[in-house]
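Accompanying notes for the structure given below.
Bear in mind that the values in this text are calculations on the coordinates, not laboratory data. Fair warning: this is a prediction, and the values are worked out from it, not measured in the lab. Counting neighbours? That spans all protein chains shown, and the Cβs are built from the backbone with ideal geometry, glycine included.
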Amino acid sequence: MENYEQARESIRNFIIGNMDVFDEDITLADDDNIFEKGFVTSIFAMRLLDFIEDEFKIEVADEDINLVNFSSVQQMVKLVEKSEG
Amino acid sequence: MRKIAVVGAGVMGVDLAATAAFYGYEVILKDKDEDVLEKAKKIMKKNIRQYRMLSNELQTWDSKDIMSRISFTTDYTGFENVEWVIENVTEDIEVKSKVYKELNEVCSLGTYYGVNTSCISITQIASLMNEPDKVIGMHFMNPVPLKEAVETVIGFHTSEETINEARMLLNSMQKKLIKVNDFPGFVANRLSHLFMNEAAFLVQDHVANPENIDAIFRMGYAHKMGPLETADLIGLDTVVNSLDVLYKEYQDPKFRCCPLLKKMVAAGLLGRKSGRGFYKY
């Protein structure tokens with residue numbers, strides 16, 4: 001992908017903008033499992049799919065739609081790369 | 001294949017039709033409005049894809065397969081052959097009454113009716129029908145494929161046979177039947193609308209923002225969702241309608257609708273379905 005860093009940044013920003021945390025000092029690592037860490041709910045995963053498809057103008061294949069592929073910034077960047085072919 | 005009809009292709013109707021089709025029913029999804037039906041097809045496909053993410057079981061949902069068992073229609077063709085009609089039109093007694101009068105004409109005797117409502121009297125709806133004993137309330141919760149139970153409302157005339165048939169229908173869709181009696185708002189709405197309404201008052205009074213109100217419910221009370229994200233999911237217009245019904249029925253000021261909710265609805269902020277409510281989508 002040409003803009004790996006850009007994709008990473010926009011995914012990070014979207015998650016951070018929607019995180020359910022009180023503590024402002026909390027940091028989000030690229031390999032943090034955002035669901036297990038309680039940063040977001042699995043209901044939010046549905047919004048992530050919309051976000052990824054709109055932001056990167058891609059259609060994620062049905063078989064790639066699962067929680068694992070959306071569980072961290074790293075996984076999502078990988079998914080975007082794969083879906084862009 | 002067993003046949004059921006779903007009337008009303010709004011938020012609930014779409015998910016309910018998809019759920020029934022997934023569990024092997026042949027489904028007629030009827031709405032009076034052609035545009036609503038066209039939108040319903042798109043929303044259904046989108047929802048099915050999104051639900052794949054939410055549980056292992058829903059990983060097997062396939063939009064093409066599910067939608068091949070659903071016929072989308074604006075008339076009552078085929079209703080004479082269905083075992084069940086599950087009606088999900090607007091929570092308005094006049095709108096529902098009109099639909100039930102039509103159903104009474106087009107459906108065969110022996111048809112069971114599930115009234116998907118969170119606040120309308122099942123006994124009153126049943127009084128419009130030739131066989132009031134076959135009418136039962138089925139308050140499906142949103143999102144339908146993820147919920148394990150249905151608040152099932154027993155009207156004055158609802159028979160044991162109808163309750164048993166309802167149990168079999170719901171169990172076949174992997175849902176439990178929870179029996180409650182017919183009284184305004186039943187159990188779920190009487191409780192949940194007080195929460196949602198008071199949460200809206202908290203936003204209005206600048207006590208906390210929606211994110212923090214919901215976080216207290218999720219992280220403090222271990223609810224899966226907070227009251228404001230729930231309100232956005234249901235649709236703020238629906239929440240306002242239901243509060244108005246509760247207020248009218250009980251004449252109790254505890255059900256008075258928060259002015260902020262009314263203002264948001266007037267401004268077109270209806271929640272998830274309009275792209276903005278307490279949150280942006």
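Overall, the anisotropy analysis places region B:19-58 in the oblate class: the square-rooted eigenvalues a ≥ b ≥ c of its C-alpha gyration tensor yield a/c not less than 1.5, with a/b not exceeding b/c. Would you mind checking the tilt of helix A:42-56 against the longest principal axis of the Cα atoms of chain A, expressed as 0 to 90 degrees and rounded to 10? The answer is roughly 40 degrees.
Other protein chain C-beta atoms within 10 Å of residue C-beta, averaged over B:177-186: 0. Shielding value for B:47-54 is 6, the average number of Cβ atoms from other chains within 10 Å of each residue's Cβ. Could you give the angle, 0 to 90 degrees to the nearest 10, between helix B:236-250's Cα long axis and the longest principal axis of the Cα atoms of chain B? Tilt of helix B:236-250: around 90 degrees.
Between B:Leu128 and B:Lys3, what is 0.36 nm times their sequence separation minus the Cα-Cα distance? Round to one decimal in nm. Answer, rounded to one decimal: 42.7 nm. The H on the amide N of B:Ala149, modeled in the peptide plane, is under 5 Å from the matching H of B:Lys176, each at least 5 residues off or on a different chain.
Using alpha carbons only, the radius of gyration of region B:10-126 set against its Kirkwood radius gives Rg/Rh = 0.98.
Between B:Glu102 and A:Ala61, the modelled labels are 4.3 nm apart [label points 7 Å from Cα along Cα→Cβ].
Over region B:200-281, Cα pairs under 8 Å with separation of 6+ residues give a relative contact order of 29 percent. Peptides A:31-38, B:250-257, ordered by how many other C-beta atoms sit within 10 Å of their residues on average, highest first, read A:31-38, B:250-257.
About the Cα centre of chain B, what is the dipole size in debye to 20, counting +1 per Lys and Arg Cβ and -1 per Asp and Glu Cβ, all else neutral?
900 debye
Given their separation in residues at 0.36 nm each and the Cα-Cα distance between them, B:Ile163 and B:Phe183 gain 5.5 nm when the chain is fully extended.
Dividing the summed -39500 (n - 2.57) terms of all DSSP H runs of n ≥ 4 by the residue count of the protein assembly as shown sets its mean residue ellipticity at 222 nm at -13500 deg cm²/dmol.
Each peptide among B:3-9, B:56-62 gets the average number of other Cβ atoms lying within 10 Å of its residues, and from highest to lowest they stand as B:3-9, B:56-62. Computed over Cα pairs, the Kirkwood radius of region B:188-274 leads via Stokes-Einstein (0.890 mPa s, 25 °C) to a diffusion coefficient of 190 µm² per second.
Of B:Lys32/B:Lys101; B:Lys3/B:Lys96; B:Lys46/B:Lys101, which pairs sit farther than 24 Å apart, going by alpha carbon to alpha carbon?
Values: B:Lys32/B:Lys101 15 Å; B:Lys3/B:Lys96 22 Å; B:Lys46/B:Lys101 33 Å.
Exceeds cut-off: B:Lys46/B:Lys101.
Rounded to the nearest 20, the size of the Cβ-charge dipole of region B:188-274 about its Cα centre is 120 debye, with Lys and Arg at +1 and Asp and Glu at -1. Since only B:Val85, B:Met225, A:Ser42 are under comparison, the one whose Cα sits farthest along the positive direction of the charge dipole of the protein assembly as shown, derived from C-beta charges on Lys, Arg, Asp and Glu, is B:Val85. Annotation: aspartates and glutamates with alpha-carbon distance below 12 angstrom to B:Lys176 (same-chain offsets under eight excluded): B:Glu148, B:Glu151. By the rule of a C-alpha distance below 18 Å, with chain neighbours fewer than 8 residues away ignored, the lysines paired with B:Lys39 are B:Lys30, B:Lys64, B:Lys273.
Amide H contacts of B:Gly271: B:Leu236, B:Arg276, B:Gly277, each under 5 Å away and 5 or more positions distant or on a separate chain (H built 1.01 Å from N in the peptide plane; Pro and chain starts excluded). On the principal axes of its alpha carbon atoms, the protein assembly as shown extends 66, 48, 33 Å, with the longest extent given first. Please work out, to two decimal places, the log10 of the ratio I(q)/I(0) at q = 0.09, 0.19 Å⁻¹ from a Debye calculation in which every Cα of region B:65-174 carries one identical scatterer. Rounded to two decimals, the profile gives -0.22, -1.05. Taking amide H atoms as placed 1.01 Å from N in the peptide plane, the amide H of B:Ile28 lies under 5 Å from those of B:Ile4, B:Ala5, B:Val6, B:Ser71, each 5 or more residues away in sequence or on another chain.
Peptide B:203-216 is shielded by partner chain Cβ atoms: per residue, an average of 1 of them sit within 10 Å of its Cβ. Using only the Cα atoms of region A:4-84, each taken as one equal point scatterer with no solvent, compute I(q) by the Debye sum, divide by I(0), and report log10 of the ratio at q = 0.20 Å⁻¹. With no solvent term, the Cα-only Debye profile gives -0.84.
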